[in-house]
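As structure tokens, the structure follows; a few thoughts come after it.
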Amino acid sequence: MTVAFLDRYETSKVKDQKMERASSLLPAARTGLAAVALLAFGTGAAFAHGTDGGGVEVALEGAPSFSISPVYHVLVVHFPVALWMTAALLIFFRVFSDSQLAVRLQKSVWPLILLGSLAGFVAYGLGLFIYPWSAITQSPLGRNHIMLATWTLSYWTVMGVLGYRYRRFLFEGAQRWVTFVLTLIGTAVVTITGTLGGSLNGTPSLVTRSLGTLGWEVYMTFYLPTWMLVAFGLGAVAIVALGVMGSRTRA
Amino acid sequence: MKKRTTYLAFSAAIFSGLLVAAWVTHGTGIVRDDPERNIVIPDDLTSTLQVKAAYDGETIWFRYRWAAEEPNLVNDVLVYENGAWALREGSEVGPDPDRLVEDRVAMMVDDGSVPLFSRYGGYITIGDGLTSFSGVPETEEERSKYLPETRTDPDDIDTVRPENELRRLREAGYFLDLWDWRSARTNPLAQAEDTSVGAAREPDAGAAPFISNFDENTGLPRFMFDPALDTGNPLSIDIVTAGEAGFDNAYFLAESAAVPFDPATDWQEGDTLPARVLRESAGSRGDISMPAAARWRNGFWDVTLQRAMDTGDPLEDKIFRDGGSYDLAFAVFRDSATMRWHYVSLPVSFGLDQPAQFVARESEPGQPDWTGPWTEVPVFYPGQVTWDRLTDPRRHPGADRIAARVPAAYQHNERQLALYGIEMEFAEEIRRQWLWTLGMSLLLIVALGTGMVLLFRRTEETT
């Protein structure tokens, strides 16, 4: 009897937990839907806009190609930037504060990041269709912007997955400081991507000039010598191997 | 737990270390001199040319001042070596280590008749397949700059329009006046060469300011210095190649100081004669002169050119009028370099009593007024950028802006253009390496994510 009651109690507790989780996901799901709708609207508008009135006129004989007015990339790209930067702000707040407010705000970190990534994918896609691929990849500034945009999008998506998987544990023990450093790098790549976009549009900022002072002339392509590419490959293998070894220590 | 933290720290260290190493080593391994492909990158990518102008209603004066570490006063020589005379010409690829290439300043002038010149300057004259560009086969005749509409296909240098169409274009003013001052071939006799750019770069009609001093049939010089005249310290090839040929040397052979070459003279090993004999140019080609021969002093050339505002030859010269507006583009040659190893400017608007970037001062007759400040014109190494590339939407993202006539200066500055010019010299190699970098960096980020997901822990998992 007692066992049966306890079973029922446990079952109902699990149900409650599931319901709680579902209800906590609801606002995020609504926000996500709204964001998707907005982005779909933006993308549709971009396609509908065509190349008239300020868009990039590209007529290539024999080359199936189309372009999208850059204004829509510029418009949509502010969504991921705002979402990621807000998430970064909340992470920094949480890293340095265990206050109730910081803990509550921390819950919105991963939805913000992943919504940012969703918007980022749309912005990235819109950006790729402004110029023919063959042309933009001949421009040093264009190459750099694509490179940084790729880093930003992939990096923040990784951060979002990490946030979704570990939630509040991101801020426990040594992980708190790893999260802090990863977020710092994330804000840096967003900033550089944005300033390169501005430079590409003919409006370089002080950040562009500062990068030159720090050793990167942004008007020259960022590429690595072959031996560094090999080092990147080995580094990638090493990081995954360390991860696998670390995961086995748990088991 | 300790092990996991160690792995986490190692992973973060590897990632951060690779980022730092990437920052330090990026951009290396591709851009380098490659003389076989006619690629030599100058040490300085940008510089400044200072200009002033004055006019009195009859004559217009231009004054140019630019930094040059040393003057180069010699351009090709005839050398007595091993009992025979040989013509030694300066290198056409990059700075000549033997200092056999003269310094120059050139100026292109338009009065608004050449579309797009005011926005893109000399870029519009750089068609595909010009001499000294990578991959262009050597031809007997130099394939020089030309204006796009002189071709039925502007991107194909060989599709020159018929003579009657070219004449029609020129009569409509579709050409650029090109003034060309040379330290060895024109300066000693206080003149500059008057040329133009239309279907090609062509000298104006009239006698050239120099003739060859080398007789290819006999293999001997045609003329030598008149021994009865004091023409300066004799030149030797060692003096020239050491860069020690100065104004006190016999660095030029004027017609008035030349006598027919005498092989019986006691010539010594290394004796050197200029490869050209200078003379007064005549006709339209001789329209441009100088108040006096220019001198290099204290690290600067200071050159003044003068010309009648109206030469009476509107088919070869741009006529300057009081109240007129024009566009100019400049080129500076220094460091003993020629061909495309020069520093060029973007177009500069020029006004005679008109608002412009560069304004000429009205002066008393025959008295150019130099009291105003210099106009500073940034100049840059242009690399290998053709008009064909710039107007091709497949190869230049800004092609649509050119189609919309957006000036180059709106989108680019001179340093940026110099860097782009160099990148274009290695376009395909850099693009390939960039794609690899993109792929490998993406792989590293994904690996970092995977590693972090595997190494991070929920507290309850670790307790």
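Is it true that A:S117 is touching a Lys or Arg at 6+ places or on another chain (Cβ under 9 Å) and assigned to a helix (DSSP H, G or I)?
Working: touching a Lys or Arg at 6+ places or on another chain (Cβ under 9 Å): no; assigned to a helix (DSSP H, G or I): yes.
Criteria not met by A:S117.
Considering region B:345-361 alone, what residues qualify as being modelled with pLDDT of 95 or more and more than 15 Å from B:D110 (Cβ to Cβ)?
Within region B:345-361, B:P355, B:V359, B:A360, B:R361 qualify.
Report whether or not B:A53 is within 14 Å of chain A (Cβ to nearest Cβ) and not basic (K, R).
Values: within 14 Å of chain A (Cβ to nearest Cβ): no; not basic (K, R): yes.
Considered against the rule, which asks whether it is within 14 Å of chain A (Cβ to nearest Cβ) and not basic (K, R), B:A53 comes out as no.
Which numbered condition in (1) among the aromatic types (F, W, Y); (2) closer than 20 Å to A:L112 by Cα; (3) more than 8 Å from every other protein chain (Cβ to nearest Cβ) is the only one that A:Y155 fails?
The one condition A:Y155 does not meet is (3).
Can you name every residue in region A:142-169 that is in contact with a Pro (Cβ under 9 Å, 6 or more places away or on another chain) and either outside any helix (DSSP H, G or I) or under 22 Å from A:S199 (Cα atoms) (or both)? Show your work before the answer.
Filtering region A:142-169 down to residues in contact with a Pro (Cβ under 9 Å, 6 or more places away or on another chain) leaves A:142, A:152-153, A:156, A:160, A:163-164.
Correct list: A:G142, A:T152, A:L153.
Evaluate the following for B:E69: is it assigned to a loop (DSSP other than H, G, I, E, B) and either within 30 Å of B:T375 (Cα to Cα) or within 14 Å of another protein chain (Cβ to nearest Cβ) (or both)?
Details: assigned to a loop (DSSP other than H, G, I, E, B): yes; either within 30 Å of B:T375 (Cα to Cα) or within 14 Å of another protein chain (Cβ to nearest Cβ) (or both): yes.
Criteria met by B:E69.
Scan region A:174-185 for residues that are surrounded by fewer than 23 Cβ atoms within 10 Å (Cβ to Cβ) and more than 8 Å from chain B (Cβ to nearest Cβ) and report the count.
Number satisfying all stated conditions: 4.
Being more than 7 Å from chain B (Cβ to nearest Cβ), crowded, with 20+ Cβ neighbours inside 10 Å and within 20 Å of the chain's Cα centre (by Cα) is the requirement here; does A:L170 meet it?
Working: more than 7 Å from chain B (Cβ to nearest Cβ): yes; crowded, with 20+ Cβ neighbours inside 10 Å: yes; within 20 Å of the chain's Cα centre (by Cα): yes.
Yes.
If B:L454 meets every condition in (1) part of a helix (DSSP H, G or I); (2) assigned by TED's automatic domain parsing to the domain that holds B:Y123 apart from one, which number is that one?
(2)
Which one of the conditions (1) at pLDDT 65 or above; (2) surrounded by 20 or more Cβ atoms within 10 Å (Cβ to Cβ) does A:V56 fail to meet, given that it meets all the rest?
Among (1) at pLDDT 65 or above; (2) surrounded by 20 or more Cβ atoms within 10 Å (Cβ to Cβ), A:V56 violates only (1).
Report whether or not B:V160 is more than 18 Å from B:S284 (Cα to Cα), modelled with pLDDT of 95 or more and among the β-branched types (V, I, T).
Details: more than 18 Å from B:S284 (Cα to Cα): yes; modelled with pLDDT of 95 or more: yes; among the β-branched types (V, I, T): yes.
Yes.
Go through (1) part of a helix (DSSP H, G or I); (2) more than 7 Å from every other protein chain (Cβ to nearest Cβ); (3) touching a helix residue (DSSP H, G or I) at 6+ places or on another chain (Cβ under 9 Å); (4) over 14 Å from B:G439 (Cα atoms) for A:S247 and report which single condition fails.
Tallying (1) part of a helix (DSSP H, G or I); (2) more than 7 Å from every other protein chain (Cβ to nearest Cβ); (3) touching a helix residue (DSSP H, G or I) at 6+ places or on another chain (Cβ under 9 Å); (4) over 14 Å from B:G439 (Cα atoms), A:S247 fails exactly one: (2).
Tell me which of these B:R63 doesn't satisfy, since it passes every other one: (1) charged (D, E, K, R); (2) buried (at least 19 other Cβ atoms within 10 Å of the Cβ); (3) at pLDDT below 95.
Evaluating B:R63 over (1) charged (D, E, K, R); (2) buried (at least 19 other Cβ atoms within 10 Å of the Cβ); (3) at pLDDT below 95 leaves (3) as the failure.
Which members of region B:126-181 meet the condition of being hydroxyl-bearing (S, T, Y), farther than 30 Å from B:V303 by Cα and part of a loop (DSSP other than H, G, I, E, B)?
Start the filter on region B:126-181 by keeping residues that are hydroxyl-bearing (S, T, Y), which leaves B:131-132, B:134, B:139, B:144, B:146, B:150, B:152, B:159, B:174.
This time we only want the ones that are farther than 30 Å from B:V303 by Cα, so: B:134, B:139, B:150, B:152, B:159.
Hits for region B:126-181 are B:S134, B:T139, B:T152, B:T159.
Within the set of pairs 6 or more residues apart or between chains, which connect a residue that is more than 7 Å from chain B (Cβ to nearest Cβ) inside region A:124-148 to a residue that is surrounded by 22 or more Cβ atoms within 10 Å (Cβ to Cβ) and acidic (D, E) with Cβ atoms less than 7 Å apart?
Final answer for the pair search is none.
Of these, B:E255, B:E280, B:E216, B:E244, which one is in contact (Cβ under 8 Å) with a residue 60 or more places away in the chain, of a type in the set (D, E) and surrounded by fewer than 19 Cβ atoms within 10 Å (Cβ to Cβ)? Walk me through it before giving the result.
Values: B:E255 fails: in contact (Cβ under 8 Å) with a residue 60 or more places away in the chain; B:E216 fails: in contact (Cβ under 8 Å) with a residue 60 or more places away in the chain; B:E244 fails: in contact (Cβ under 8 Å) with a residue 60 or more places away in the chain.
Answer to the check: B:E280.
Among (1) without any contact (Cβ under 8 Å) to a residue 40 or more places away in the chain; (2) crowded, with 17+ Cβ neighbours inside 10 Å, which single condition is B:R167 missing?
(2)
What are the residue pairs meeting all of these: first residue in region A:222-251, first residue free of Cβ contacts under 8 Å to residues at least 12 places away in the same chain and surrounded by fewer than 20 Cβ atoms within 10 Å (Cβ to Cβ), second residue in a helix (DSSP H, G or I) and among the charged types (D, E, K, R), Cβ atoms under 6 Å, and 6 or more apart or on different chains?
A:T249/B:K3; A:T249/B:R4
Name, by its number, the condition in (1) surrounded by fewer than 16 Cβ atoms within 10 Å (Cβ to Cβ); (2) in contact (Cβ under 8 Å) with a residue 24 or more places away in the chain; (3) under 27 Å from B:E280 (Cβ atoms); (4) assigned by TED's automatic domain parsing to the domain that holds B:P347 that does not hold for B:D156.
Of the numbered conditions (1) surrounded by fewer than 16 Cβ atoms within 10 Å (Cβ to Cβ); (2) in contact (Cβ under 8 Å) with a residue 24 or more places away in the chain; (3) under 27 Å from B:E280 (Cβ atoms); (4) assigned by TED's automatic domain parsing to the domain that holds B:P347, the odd one out for B:D156 is (3).
Might you check whether a residue that is free of Cβ contacts under 8 Å to residues at least 24 places away in the same chain, over 28 Å from B:R457 (Cβ atoms) and either in contact with a helix residue (DSSP H, G or I) (Cβ under 9 Å, 6 or more places away or on another chain) or of a type in the set (A, V, I, L, M, F, W, C) (or both) occurs anywhere in region A:116-123?
So the first thing to find is which residues in region A:116-123 are free of Cβ contacts under 8 Å to residues at least 24 places away in the same chain, and the list is none.
No; the residues of region A:116-123 include none that is free of Cβ contacts under 8 Å to residues at least 24 places away in the same chain, over 28 Å from B:R457 (Cβ atoms) and either in contact with a helix residue (DSSP H, G or I) (Cβ under 9 Å, 6 or more places away or on another chain) or of a type in the set (A, V, I, L, M, F, W, C) (or both).
Could you go through region B:435-447 and let me know if any residue there is closer than 26 Å to A:S69 by Cβ, buried (at least 18 other Cβ atoms within 10 Å of the Cβ) and facing chain A (nearest Cβ under 9 Å).
Pass one, region B:435-447, residues closer than 26 Å to A:S69 by Cβ: B:438.
Cutting the leftovers down to buried (at least 18 other Cβ atoms within 10 Å of the Cβ) gives us B:438.
Then keep just the ones that are facing chain A (nearest Cβ under 9 Å); that gives B:438.
Yes - at least one qualifying residue is present in region B:435-447.
All but one of (1) in contact (Cβ under 8 Å) with a residue 24 or more places away in the chain; (2) assigned to a loop (DSSP other than H, G, I, E, B); (3) over 25 Å from A:L200 (Cα atoms) hold for A:W110; state the number of the condition that does not hold.
Result: A:W110 fails condition (2) only.
Assigned to a loop (DSSP other than H, G, I, E, B) and under 30 Å from A:Y223 (Cα atoms): is that true of B:G29 in this structure?
Numbers: assigned to a loop (DSSP other than H, G, I, E, B): yes; under 30 Å from A:Y223 (Cα atoms): yes.
It is true that B:G29 is assigned to a loop (DSSP other than H, G, I, E, B) and under 30 Å from A:Y223 (Cα atoms).
The values are calculated or read from the model by the stated rules, or taken from the named source; none is laboratory data. For clarity, every value in this text was computed on a predicted model and none was experimentally measured. Glycine also receives a Cβ, built like all others from the backbone with ideal geometry; neighbour counts cover every protein chain displayed.
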